[in-house]
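The values are calculated or read from the model by the stated rules, or taken from the named source; none is laboratory data. The model shown is predicted, which means the values in this text are computed figures rather than measured ones. Cβ atoms come from the backbone with ideal geometry, glycine included; neighbour counts cover every protein chain shown.
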Amino acid sequence: MSEWLVLSLAMAAACAVVLTIVVINNRRLPDDDDPSETPDVMEYMTMMIGVVYAIVLGLAIAGVWEGRSAAQESVRQEAQALHEVSARVEVWPAAVRERVRADVDAYVSHVVGTEWQHMADRGELTDKGTELLERVRRDVTDYRPADEHEGEAYQPLVDQVAVVDDARSARGESAGATMPGVVWFGLITGALVTVGIIFTLQIRRTPRELLLAGLFSALIAFLLFLIWAFDAPFGRGVSADPEAFLNAFPHLRN
């Protein structure tokens with residue numbers, strides 16, 4: 001099911017539930033009910049609960065967005081380091097150069113074609129990807145430069161492979177959901193409480209009040225969906241993409 005369809009259904013369901021409760025609750029009120037009797041302290045507490053929950057939502061959104069940005073940056077660093085390996089090996093003999101580039105291409109093809117979907121489905125890296133990267137490392141570290149010119153490229157190449165390994169590890173750490181379950185419990189409970197407090201103010205069935213109640217509940221549903229979509233940087237609709245690899249290795253585009 002599409003993530004945007006889930007969002008639409010969630011927002012529609014939130015609006016329907018809130019408006020139904022408002023209508024049913026309003027029908028049960030006696031004719032002499034006076035909404036102006038709501039204590040001032042109740043309005044103050046309602047406002048404070050809304051403010052606190054808004055701060056919590058803002059922090060949660062900022063946290064998952066930062067995690068997504070960090071995941072995308074790790075992808076960029078990994079792709080750039082692989083590109084540097086492929087470019088700097090130019091000074092080595094043709095046989096070694098072609099072997100390194102072929103193994104780099106095999107690794108990138110696996111990441112884009114197989115590992116990316118594996119991360120989305122299972123939240124982890126593949127053993128095959130680790131094996132292919134180790135092959136690239138062995139290609140570089142096992143070669144013995146024949147002269148000083150080749151030797152000058154050796155250590156930078158080793159360093160770039162280390163950067164790839166580090167960026168890959170960071171990508172693996174970001175592959176799964178980052179938001180703890182207890183935080184989700186607090187966000188959902190807070191949403192129920194925040195939406196529920198509108199009934200303490202004795203909301204009526206006027207079009208204006210029903211519209212505001214519906215929009216408020218839809219906004220809460222949208223913000224929770226936004227957090228959920230950003231929570232797994234590689235696994236959901238608003239996710240990091242492998243475009244950095246394809247930009248660095250355009251010949252591998254299908």
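Data for the structure
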{"read-out": "Selection within the range 153-172 - within 20 Å of residue 115 (Cβ to Cβ) and either of a type in the set (Lys, Arg) or surrounded by fewer than 15 Cβ atoms within 10 Å (Cβ to Cβ) (or both)", "value": "162, 166, 168, 169, 171"}
{"read-out": "Residues (among the aromatic types (Phe, Trp, Tyr), over 14 Å from the mean Cα position of the chain (by Cα) and modelled with pLDDT of 85 or more) located in the range 176-234", "value": "184, 185, 222"}
{"read-out": "Helices (runs of 4 or more DSSP H) wholly inside the range 103-185 that include at least 2 residues being closer than 25 Å to residue 230 by Cα", "value": "116-122, 148-173"}
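Conditions tested, residue by residue: (1) touching a Leu at 6+ places or on another chain (Cβ under 8 Å); (2) more than 21 Å from residue 223 (Cβ to Cβ); (3) modelled with pLDDT under 90.
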{"residue": "1", "(1), (2), (3)": "no, no, yes"}
{"residue": "14", "(1), (2), (3)": "no, no, yes"}
{"residue": "29", "(1), (2), (3)": "no, yes, yes"}
{"residue": "73", "(1), (2), (3)": "no, yes, no"}
